[in-house]
Each structure stands twice: as C-alpha cells, then as structure tokens.
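This report refers to the structure that appears directly beneath it.
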Amino acid sequence: MLIMTKSVMAMMISFIFSIIWAVFLIPKLKKLKANQSLSIYLEERHSSKKGTPTMGGLIFIIPTIVSMLVLFLMKKINFSYNLLILIFTFLAYALIGFIDDYLIIKRKNNKGLTENQKMIMQIVIAIVFFYLFMISGNEPLLWVHTINFKWDIGWFYGLFILFVLVASSNAVNLTDGLDGLAGGLSVIAFLAFGIITWNTGWLSGYEDIAIFCFILIGSLLGFLIFNVNPAKIFMGDTGSLSLGATLGTLAILTRHELLLIIIGIVFVIETMSCILQIGYYKLTKKRLFKMAPFHHSLEKSGWIESDIVKLFWIIGLIGAMIAITFGVWL
C-alpha cells in the first residue's frame, strides 16, 4: 500500500505543478507566436485551430522533472540507475522534438528536421541507451514472462532497442492529430505500465520507476485540461516523441516489450494505417483509406472529433486492461 500512496501523492504534486506551469506558459507561447502549422489537407476541417500554440509537451515534461526533484529532496524517492536511463530517454527525445518544433515555428511551415536528421539523432540515443543498459549488468534477452521464454540475441538487442524506441516514439507522434487523443491514450498507457512496474520486484529501482509513471500521469492530466477539445495548446513533437520513447523504454526495462503492442494498440493501429496506405498506393495508385492516420479517415467519413477521441480512448483502455492482466496476474 505504501508504494500506491506514494504514487498517488506524486501524481497529485505533478498535476498541480502542471496546471500552474500551463497557466504561465500558454500566454508566453502565444506572445512568441509559437503557432502550430496545419497541413493543407487538414485546413478545411481544422481551420479553427489556426493560431493554437504548440510545444505543449513542455507542460508535462518540466513539471515531471521538477516533481521528481522535489520528491528526491524530500527523500521520498531515489534516483536508481534504471530510473536515470528512463529519464535520459525521456529528455533526449523531448530535445529532438523541441528542435523539430522550433524549426517549424521559425520557418512558419511543417518543415522541421528532415527524416534523416531525426533518424541519426535517434540512432545516437539508442546506442547510448544500449551502452547504459548493458554496463548495468542487464542481459540482451527477449523475455516473454507469461511462458518464461528467454532468448539471448546478443548485439542484435541494440538494433531491437533502436526499433522499439523509433517505432514507439513515431507511433505516438502519428496519433497526435486530434485534441486530447495522444495525451489521453498516453495517460492510459502509463497507468498500465505503472501498475505492471509495481509487480517487477526483480528490477532495480522498480518502485521509483513506477512513481515516475504516476508523476507523468499527473502532469499529463494537467496538460489535458488545456488540450481536450477545443485545445488551447498542442503537445507538438516535443511531447509526442518523448512520450512514445518513454513508453518504449519502460517496455524494455520491465521486459514487457510484447505487451507494449497491446498497451499501445491504438498507436499500432494508427501507424499500420499509414504503412498500409503508403504500400497500397504504391501498388495500385489508389488510396486504401480516405486519409491516414486512421483518425483523419474517420473525420472525412463525417465522424465528430470528440467521438473519435472517446472511441480510441476506450479501445486503449481495453488494451491496457488486457495487458495488466497478462503482465501482473498471468
């Protein structure tokens, strides 16, 4: 019960910090004209969103770090080695996203970092991650807990880490297209991983990692107050890349990489819709969906934005409940 109490307290602290920080930050971003540039394909349906500031990821990134430091100074948590790896990834991907958002704002279009530039940065982070992960005594194992299956894949694990980080970060980034969609799904996903992490007693620093999840949940809930429809701010790549990579890191540290697919089922659906759309168009010169990612296809079919978000939240919650069952009970 103590870890649950700590988690709830941590979530409350970060929630309050997040709201206070948002009230200060949003007017500043508006004054700096840090506005989101809309794709020409979305201007018709999303014209009312012109002028909405981006870089909203700062609303939950900074309060999360501040809350961690406050709890550390209060001697309520310890910065374990695995927690530091998690925070490193959280901030490193936030920096990539921040640079991308900054360039988009500066150029006043949707051209930020190139795909090659992003990939190089992600490869560098993955290499550092792999090094930090291995020198701490971790083994390069693919581990399915339910059937106690372990497979040592050696240095290929480094490529696996790169795939998980890149796939998860870009999946959240693709999903971040409707007010509150990616933020709400992230709350659900981190709640699932927080509960699963409570059950990983073999992982060094598991309690502090679980508390980090709940701190981030609190910060995200504060952010959602300003991000649900009609959004007063968008999270931008600063937030989406960071959230996705952090989910991937949690999956790797807790050895639940396969459960990430179930926990992030909506992120997977959104990503697959883009892959299928591109592949189908190259083969047939026709579109499989009206638009990708899939949430935009539903919009073009006449769905109301808030209804799409609610549906996807429910699907994400069902996936999270299934994952918790497998990750904790079975």
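Here are the numbers for the structure shown:
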read-out	value
Single residue of segment 174-204 satisfying the filter (open to solvent by 20 Å² or more (accessible area, probe 1.4 Å) and of a type in the set (Val, Ile, Thr)) that is modelled with the lowest pLDDT	Ile195
Members of segment 189-217 that are farther than 16 Å from Ile87 by Cα and under 18 Å from the mean Cα position of the chain (by Cα)	Ala189, Leu191, Ala192, Ile195, Ile196
Residue count for segment 118-157, restricted to those that are surrounded by 13 or more Cβ atoms within 10 Å (Cβ to Cβ), among the small types (Gly, Ala, Ser) and closer than 21 Å to Ser204 by Cβ	1
Among the candidates Phe326, Phe312, residue that is farther than 26 Å from Val228 by Cα and within 23 Å of the chain's Cα centre (by Cα)	Phe326
Among residues of segment 66-114, those that are surrounded by fewer than 19 Cβ atoms within 10 Å (Cβ to Cβ) and either touching a Phe, Trp or Tyr at 6+ places or on another chain (Cβ under 6 Å) or hydrophobic (A, V, I, L, M, F, W, C) (or both), counted	14
Residue match in segment 230-237 (condition: closer than 24 Å to Glu139 by Cα and not hydrophobic (A, V, I, L, M, F, W, C))	no
The one condition in (1) closer than 26 Å to Ala320 by Cβ; (2) of a type outside the set (Gly, Ala, Ser); (3) under 20 Å from the mean Cα position of the chain (by Cα) that Lys118 fails to fulfil	(1)
Test: residue in segment 154-173 that is at pLDDT below 90 and outside any helix (DSSP H, G or I)	yes
Filter result for Leu250 (touching a Ser or Thr at 6+ places or on another chain (Cβ under 9 Å), among the hydrophobic types (A, V, I, L, M, F, W, C) and over 21 Å from Phe98 (Cβ atoms))	yes
Residues located in segment 266-287, provided they are in contact (Cβ under 8 Å) with a residue 24 or more places away in the chain and open to solvent by 50 Å² or more (accessible area, probe 1.4 Å)	Val268, Ile269
Among residues of segment 87-131, those that are outside any helix (DSSP H, G or I) and closer than 20 Å to Gly51 by Cα, counted	5
Residue satisfying all of: in segment 277-298; closer than 25 Å to Leu311 by Cα and small (Gly, Ala, Ser); modelled with the highest pLDDT among these	Ser297
Answer from Leu259, Leu243, Leu221 - the residue that is modelled with pLDDT of 95 or more, closer than 21 Å to Ser7 by Cβ, open to solvent by less than 30 Å² (accessible area, probe 1.4 Å) and not aromatic (Phe, Trp, Tyr)	Leu243
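The values are calculated or read from the model by the stated rules, or taken from the named source; none is laboratory data. Keep in mind that what you see is a predicted model, and the values were worked out from it rather than measured. Because the Cβ atoms are built from the backbone with ideal geometry, glycine has one as well, and the counts that use them run over all protein chains shown. The protein model used for the area step is the full one, side chains on, heavy atoms only, and it has no ligands, DNA or RNA in it. Shrake-Rupley method; radii C 1.70, N 1.55, O 1.52, S 1.80 Å.
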